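*Asks:* Here it is, the structure, as structure tokens.
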Amino acid sequence: MPTIFEWIDRLSFLRGLPGVYLLLGTAVFIVFVGDWRLMLLAFAGQYLAAGLLFVEALDPRLAIVKVLAGWFVCLILYMTGRQAADSGGGNGRFPVNTRAVQITNLGQGNKVRGSAYRLLSTLSFRLVAALIILLSAWVLAQRPGYFLPALPPELAYMTFAVYGLIGLGLLGVSLTADPLRAGLGVLMLMTGFELYYSVLEQSVAVLALLAAVNLILALVIAYLTQARYARPMLEAEE
Amino acid sequence: MSLTVPGWLLAGLLLSAAVTWALRRWRQAAAASGVVLAGLLWLWLRSVTLDDQTSLFLVYGRTLMMTEGIRLLFLWLVAAAGMLFVLSLLWPQGRHFVPVTLAVLALLAVMLMIRPFIFGVLAWLAAAALLAILIEQNGQIRAALRYLVMAVIAGLLLLTVDWMLAADQAALQETTVRLVALAFIILMAGLPFHIWVSSLVMEASPLVIAFLLGLVQLALIFFVYALLAAFPWLQEMAAFGSLVRWSSGLMAVTAGLLALTAADYDRLIGSLLLLDMSVSLALLLTPVEMGWETAVLVPIVRFVSLLLAALGSGGLQAYLPAGGFVAWRGWGRRFPLETAVFAFGILSLLGLPLTVGFSGRWAALILIAQQPMVGLNLPIVLLLAMGGGIYGVWRGLSPLLAKGEVDFGDGVVINTTRMRLAALILGLTGGLWLAAWPQAALTYAHRLANVWLLAD
């Protein structure tokens, strides 16, 4: 069985800028893909890419804990997505008090089927918005006035990753009323921040508490998703 | 490791949350046990004495410190939460209301007591996540999501600020001040980060609104002022004043315009809340030792006003179909007591004379006007926004008080129980008493502020 250090060695081709591209690529994919399963798969990949960037700032054993906590978040959200889909969230049934305009925004109306999976009909808009954010993040990352304070020069590429991920997280939150999708935006925002914060603060207690906050956020997102899609069904059964 | 006062407070709140969580399927039992447990906690908190040994509690090398100011604050928070639980007995809330409220109070206690500051911010992030659960109602999650996003952004900014303050580098001062101002503006729903307030009023239950904007905001104000008192230079930097002044001024203008154009009570109350919170934000422009007392007073009277509005609207909305002001035509004459309590609550929220809210609003306006860096512009903007609020309230209350046929709709049963009636009478009497003797609230705020300043 390879050790953590051997795994990191094997994935060394993804460290540095390639890791940033993978991280931001998954973030763009999450913003425009319509199917929740693909979204979560990309999200798990994003935590792996983030883990490889964390290795630059943290002890590898702490970085791997962050990846594992992230995958645990993905697992929580996968189970939630599964339950919500089973109870109607994916099939166009909504709580009784949902207004017509919300159904239009949330329902099948804004999704188109492509093979077994769905794409959002606002795909082109989302892609353009994501590209604008990436471009802005890249431009800011090149300007000395916008370098993140205390970031060592050899980690300058992290600025692009942090700005990009925070920007795409905010975009993800602002473009949707779906709790699972918006929740992934919040978690991306957290990951973007943590990439920077891990350079500033390396106390194990703080890192552990940040991981705990991530898990609490995942649970709350799961709760809100269930409340949105699944609970009216459960209450009807009661 | 023996438990001292901070440890017992946390244990008490968490245990109460666990007990009421276990009873959540039986909402009345959960609410009743919440009332009893809050009462017991209040009695215990009132009787404890703090000294060098009992006020400190160590957890994994971190210190929780209970000061006299925090003890007084929690006496108010626990008593007010108890009042909310009593009302939830009469107007049943969601099954998570009591346990999550108690758990949030526990996290707010950690936020205020723990040192260093960074752990307080992490406790705030966890509290904000729980608050999102509290806000959600009947599958409506827009307000919860918005609140969660804003609270997370503010928390992350404060984490960065904590590091910058510890780094103590001259080159970072300007950035630190901007980030601090931004975080505070977000926490106090300042423009343009106010978007969650109107959604909250539309989606959450009135008791949750009172908890969030009256009690949680008060704890946050403690947190914010603790930071400002520890680093007084933050307030002295021009960037801080400029950002806060512009945000509170624009927020007041927005609130006034929204009140002018409000077509239903949710939007009207949302705009009045924005106006009140713009006053809270503007108070950050005053030095801590001057503004602290009024900053504490404003959310206390806001809580009372929201509680009265919740009492009245709880009585009215039990029968009322959804709709704008016009749908309420004639209801005031059919339910005079409920209408009186509701009207008194929203007039208090507006801060008019002879209401509960006047003491806080008047003290804040005077104090803001006295600040040389503010001048008269901001108080004038606040007064104009209040004018918009007065017009909005007049538009809202006139159909309610007008003559008209009341249409109850099919299947509505009029059921004003004696307990509800007693709660309404008690609420109105208490509100009128506080309006007639504002010194009761003023004295409490004065005591809280002085004890806190002396202790810290």
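*Asks:* On the basis of being away from every other protein chain (no Cβ under 14 Å) and more than 23 Å from the chain's Cα centre (by Cα), does B:A81 make the cut?
*Replies:* Criteria not met by B:A81.
*Asks:* Consider segment B:164-192. How many of its residues are over 16 Å from B:W124 (Cβ atoms) and hydrophobic (A, V, I, L, M, F, W, C)?
*Replies:* 10
*Asks:* Right, something else. Please work out which one of (1) touching a helix residue (DSSP H, G or I) at 6+ places or on another chain (Cβ under 8 Å); (2) modelled with pLDDT under 85 is the condition A:R99 fails and give its number.
*Replies:* Only one criterion in (1) touching a helix residue (DSSP H, G or I) at 6+ places or on another chain (Cβ under 8 Å); (2) modelled with pLDDT under 85 is unmet by A:R99, namely (1).
*Asks:* Looking at segment A:191-209 only, could you name the residues that are more than 7 Å from chain B (Cβ to nearest Cβ) and buried (at least 22 other Cβ atoms within 10 Å of the Cβ)?
*Replies:* A:T191, A:G192, A:E194, A:L195, A:Y196, A:S198, A:L207
*Asks:* Let me ask something else. If only one of B:A252, B:A230, B:A226, B:A238 is of a type outside the set (V, I, T) and either in contact with a helix residue (DSSP H, G or I) (Cβ under 6 Å, 6 or more places away or on another chain) or within 14 Å of another protein chain (Cβ to nearest Cβ) (or both), which one is it? Before the answer, list the steps.
*Replies:* Details: B:A230 fails: either in contact with a helix residue (DSSP H, G or I) (Cβ under 6 Å, 6 or more places away or on another chain) or within 14 Å of another protein chain (Cβ to nearest Cβ) (or both); B:A226 fails: either in contact with a helix residue (DSSP H, G or I) (Cβ under 6 Å, 6 or more places away or on another chain) or within 14 Å of another protein chain (Cβ to nearest Cβ) (or both); B:A238 fails: either in contact with a helix residue (DSSP H, G or I) (Cβ under 6 Å, 6 or more places away or on another chain) or within 14 Å of another protein chain (Cβ to nearest Cβ) (or both).
None of the others qualify; the one that does is B:A252.
*Asks:* Out of B:G69, B:G94, B:G82, B:G61, report the one residue that is without any contact (Cβ under 8 Å) to a residue 24 or more places away in the chain and not hydroxyl-bearing (S, T, Y). It would help to see each step written out before you state the result.
*Replies:* Working: B:G69 fails: without any contact (Cβ under 8 Å) to a residue 24 or more places away in the chain; B:G94 fails: without any contact (Cβ under 8 Å) to a residue 24 or more places away in the chain; B:G82 fails: without any contact (Cβ under 8 Å) to a residue 24 or more places away in the chain.
One residue alone meets the criteria, B:G61.
*Asks:* Can you pull out the residues in segment A:153-184 that are of a type in the set (D, E, K, R) and in a helix (DSSP H, G or I)?
*Replies:* The answer is A:E154, A:R181.
*Asks:* Here is a follow-up. Starting from residues that are in contact (Cβ under 8 Å) with a residue 60 or more places away in the chain and closer than 20 Å to B:L285 by Cα, keep the ones in segment B:352-369 and report whichever is surrounded by the most Cβ atoms within 10 Å (Cβ to Cβ).
*Replies:* B:G360
*Asks:* Among the residues of segment A:130-145, is there at least one that is part of a helix (DSSP H, G or I) and at the interface with chain B (Cβ under 10 Å from one of its Cβ atoms)? First the steps, then the outcome.
*Replies:* Going through segment A:130-145, the residues part of a helix (DSSP H, G or I) turn out to be A:130-142, A:144-145.
Among the residues that remain, those that are also at the interface with chain B (Cβ under 10 Å from one of its Cβ atoms) are: none.
Looking through segment A:130-145, none of the residues is part of a helix (DSSP H, G or I) and at the interface with chain B (Cβ under 10 Å from one of its Cβ atoms).
*Asks:* If you check A:L215, A:L187, which single one turns out to be more than 9 Å from every other protein chain (Cβ to nearest Cβ), part of a helix (DSSP H, G or I) and either within 17 Å of A:A27 (Cβ to Cβ) or at pLDDT below 90 (or both)?
*Replies:* Just one listed residue meets the conditions, A:L187.
*Asks:* Before we move on, is A:S174 surrounded by fewer than 20 Cβ atoms within 10 Å (Cβ to Cβ) and under 26 Å from B:W124 (Cβ atoms)?
*Replies:* On the way: surrounded by fewer than 20 Cβ atoms within 10 Å (Cβ to Cβ): yes; under 26 Å from B:W124 (Cβ atoms): yes.
Spelling it out, A:S174 is indeed surrounded by fewer than 20 Cβ atoms within 10 Å (Cβ to Cβ) and under 26 Å from B:W124 (Cβ atoms).
*Asks:* A follow-up question, please. Restricting to helices (runs of 4 or more DSSP H) lying wholly in segment A:1-83: which have 3 or more residues that are surrounded by 19 or more Cβ atoms within 10 Å (Cβ to Cβ) and of a type in the set (V, I, T)?
*Replies:* A:17-32
*Asks:* Kindly indicate whether B:L207 is among the hydrophobic types (A, V, I, L, M, F, W, C), surrounded by 21 or more Cβ atoms within 10 Å (Cβ to Cβ) and touching a residue at least 24 places away in the same chain (Cβ under 8 Å).
*Replies:* Yes; evaluated as a whole, the condition is true for this residue.
*Asks:* Looking at the structure I just gave you, is B:D168 in contact (Cβ under 8 Å) with a residue 40 or more places away in the chain and more than 14 Å from the chain's Cα centre (by Cα)?
*Replies:* Considered against the rule, which asks whether it is in contact (Cβ under 8 Å) with a residue 40 or more places away in the chain and more than 14 Å from the chain's Cα centre (by Cα), B:D168 comes out as no.
*Asks:* Follow-up question, since we're still on this one. Search segment B:110-168 for residues being more than 7 Å from chain A (Cβ to nearest Cβ) and of a type in the set (K, R), and hand back the single one that is surrounded by the most Cβ atoms within 10 Å (Cβ to Cβ).
*Replies:* Per the stated criteria, the residue is B:R146.
The values are calculated or read from the model by the stated rules, or taken from the named source; none is laboratory data. Every value quoted in this text rests on a predicted model; they were computed, and no experiment measured them. Glycine also receives a Cβ, built like all others from the backbone with ideal geometry; neighbour counts cover every protein chain displayed.
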